[in-house]
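**Student:** So that we are looking at the same thing, I have put the structure below in structure tokens.
The values are calculated or read from the model by the stated rules, or taken from the named source; none is laboratory data. Predicted, not measured: the structure shown is a model, and the values here were computed from it. Note that we place each Cβ from the backbone using ideal geometry, even for glycine, and neighbour counts take in every protein chain shown. The protein model used for the area step is the full one, side chains on, heavy atoms only, and it has no ligands, DNA or RNA in it. Shrake-Rupley method; radii C 1.70, N 1.55, O 1.52, S 1.80 Å.
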2 protein chains.
Amino acid sequence: MSTAISAQNLLRDRGLRVTPQRQSVLNLFLTESGQHFSADQIRQRLLPQMPGLARGTTYKVLQEFVRAALCEELATPDGVSLYGLRLRPHHHFICDQCGRWFDVEVTGVDGLRPVALPPDSEVRDVAVFFHGVCSECRGASGSA
Amino acid sequence: MSTAISAQNLLRDRGLRVTPQRQSVLNLFLTESGQHFSADQIRQRLLPQMPGLARGTTYKVLQEFVRAALCEELATPDGVSLYGLRLRPHHHFICDQCGRWFDVEVTGVDGLRPVALPPDSEVRDVAVFFHGVCSECRGASGSA
DNA sequence: CTCCCTGCAAAGTGTTTGCATAGTA
DNA sequence: TACTATGCAAACACTTTGCAGGGAG
């Protein structure tokens, strides 16, 4: 792995207090780079090594990360928010079968032009979402 | 307005039963074309003309519309789903200030290419979201 | 006449909030 | 030592579900 970035430094750099809970959450993201998890998925993953981790704490930590621009929060159709690292700009590929989100870089974004936008609107950012089926799901289902 | 399409016909064409509730909801969408509403916003808008409209019914009607591909359901960060017409393919412009979503057509979508997608993944669709500030909010806030 | 939709109300789920305690700087 | 994060549990908001009565086909 080339994970030269430590959770500790990342937290310090953003002016956040370094606590075991925050380090664990951040480390999970750093380890499973490009992946996204719900608050409860994160808690379940960390419970073995941190049995006391409270549900509320998980949410507060993630909220704090989002506020510090460390993480992005992604709303899913089933009402659950997914969280992922936001260290560098990127877009997403969503597997419509398993529901997982993957970070991807995208070329050609500069060529996008909105047509018939309400006059005087100001565009500040563009987010691209590819939908499809991930390799794992394709392998599992075979056809379809 | 060139709304030659009637709610009644639209419902029939999709094999849905024609009820006053469904007609009202669909008419709201046809009238405020390109706009998006939450289930409760829709209910509030229709209550004057349909005082008995139940919260549960609103959700069921919208669910049915989504199933029939008449509407799209859009998840927002604050946990509320927005619904909009889906008569023709389109993308979205989101005002980050007032939170409203607007349908827009986009050129250049074919030029988008994901980089370093997991091998054997299959892309089936692309969704583009422009973020920014709508004309109304720009007019209201002046600067920034 | 049959089947489905509506209204009503209760239940469910994900998330937020408040407070006392423990931990960081 | 001062201030903030954690754990716990209650509170919240949006959405879903079940059932009896009424309306569509």
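**Student:** Quick one: is A:Ser81 under 27 Å from B:Pro89 (Cα atoms) and outside the structural domain of A:Pro20 (by TED's automatic domain parsing)? Break it down into steps so the answer makes sense when it comes.
**Tutor:** Details: under 27 Å from B:Pro89 (Cα atoms): yes; outside the structural domain of A:Pro20 (by TED's automatic domain parsing): no.
No: the conditions fail for A:Ser81.
**Student:** Here is a further query. In the list B:Leu82, B:Leu16, which residue meets the criterion of being within 12 Å of DNA strand D (Cβ to nearest atom), in a loop (DSSP other than H, G, I, E, B) and not hydroxyl-bearing (Ser, Thr, Tyr)? If you could, list the steps in order and put the result at the bottom.
**Tutor:** On the way: B:Leu82 fails: in a loop (DSSP other than H, G, I, E, B).
Only one candidate passes the filter, namely B:Leu16.
**Student:** Here's something else I'd like to know. Looking only at the range B:98-144, filter to residues that are charged (D, E, K, R) and part of a helix (DSSP H, G or I); which one of those is least open to solvent (accessible area, probe 1.4 Å)? Talk me through it step by step, then tell me what you get.
**Tutor:** So in the range B:98-144, the residues charged (D, E, K, R) come out as B:100, B:103, B:105, B:110, B:113, B:120, B:122, B:124-125, B:136, B:138.
Filter again for part of a helix (DSSP H, G or I), leaving B:110, B:136, B:138.
Numbers: B:Asp110: 132, B:Glu136: 124, B:Arg138: 96 Å².
Of everything passing the filter in the range B:98-144, B:Arg138 is least open to solvent (accessible area, probe 1.4 Å).
**Student:** Which condition number does B:Lys60 fail, the rest of (1) farther than 19 Å from A:Phe129 by Cβ; (2) without any contact (Cβ under 8 Å) to a residue 24 or more places away in the chain; (3) within 16 Å of DNA strand D (Cβ to nearest atom); (4) part of a loop (DSSP other than H, G, I, E, B) being met?
**Tutor:** All conditions are met except number (4).
**Student:** Inspect the range A:80-90 for any residue being of a type in the set (Ser, Thr, Tyr) and more than 8 Å from every other protein chain (Cβ to nearest Cβ) and give the result as yes or no.
**Tutor:** Kept after step one, since they are of a type in the set (Ser, Thr, Tyr), are these residues of the range A:80-90: A:81, A:83.
Applying the additional criterion that residues be more than 8 Å from every other protein chain (Cβ to nearest Cβ) yields A:83.
Within the range A:80-90 (the criterion being of a type in the set (Ser, Thr, Tyr) and more than 8 Å from every other protein chain (Cβ to nearest Cβ)), the answer is yes, since at least one residue qualifies.
**Student:** Just a yes or no: is a residue in the range A:21-31 of a type outside the set (Gly, Ala, Ser), within 14 Å of chain B (Cβ to nearest Cβ) and away from DNA strand D (no atom under 15 Å from the Cβ)? Show your work before the answer.
**Tutor:** Going residue by residue through the range A:21-31, those that are of a type outside the set (Gly, Ala, Ser) are A:21-23, A:25-31.
With the extra rule that they be within 14 Å of chain B (Cβ to nearest Cβ), the set shrinks to none.
Scanning the range A:21-31 turns up no residue that is of a type outside the set (Gly, Ala, Ser), within 14 Å of chain B (Cβ to nearest Cβ) and away from DNA strand D (no atom under 15 Å from the Cβ).
**Student:** Could you check, for the range A:48-58, whether at least one of its residues is open to solvent by less than 40 Å² (accessible area, probe 1.4 Å) and touching a strand residue (DSSP E or B) at 6+ places or on another chain (Cβ under 9 Å)?
**Tutor:** No, there is no match, as no residue in the range A:48-58 is open to solvent by less than 40 Å² (accessible area, probe 1.4 Å) and touching a strand residue (DSSP E or B) at 6+ places or on another chain (Cβ under 9 Å).
**Student:** Scan the range B:27-38 and report the pairs whose first residue is without any contact (Cβ under 8 Å) to a residue 60 or more places away in the chain and whose second residue is of a type in the set (A, V, I, L, M) and assigned to a helix (DSSP H, G or I), with Cβ atoms within less than 7 Å and a gap of 6+ or a chain change.
**Tutor:** B:Asn27/B:Ala7; B:Leu28/B:Ile42; B:Leu28/B:Leu46; B:Leu30/B:Ala7
**Student:** Take the residues of the range B:32-53 that are near DNA strand C (Cβ under 10 Å from one of its atoms) and in contact with a Lys or Arg (Cβ under 8 Å, 6 or more places away or on another chain): which is nearest to the other protein chains (Cβ to nearest Cβ)?
**Tutor:** Across the range B:32-53, the extreme among qualifying residues is B:Arg43.
**Student:** Can you go through A:Leu117, A:Leu74 and tell me which one is touching a Pro at 6+ places or on another chain (Cβ under 9 Å) and within 11 Å of chain B (Cβ to nearest Cβ)?
**Tutor:** On the way: A:Leu117 fails: touching a Pro at 6+ places or on another chain (Cβ under 9 Å).
Only one candidate passes the filter, namely A:Leu74.
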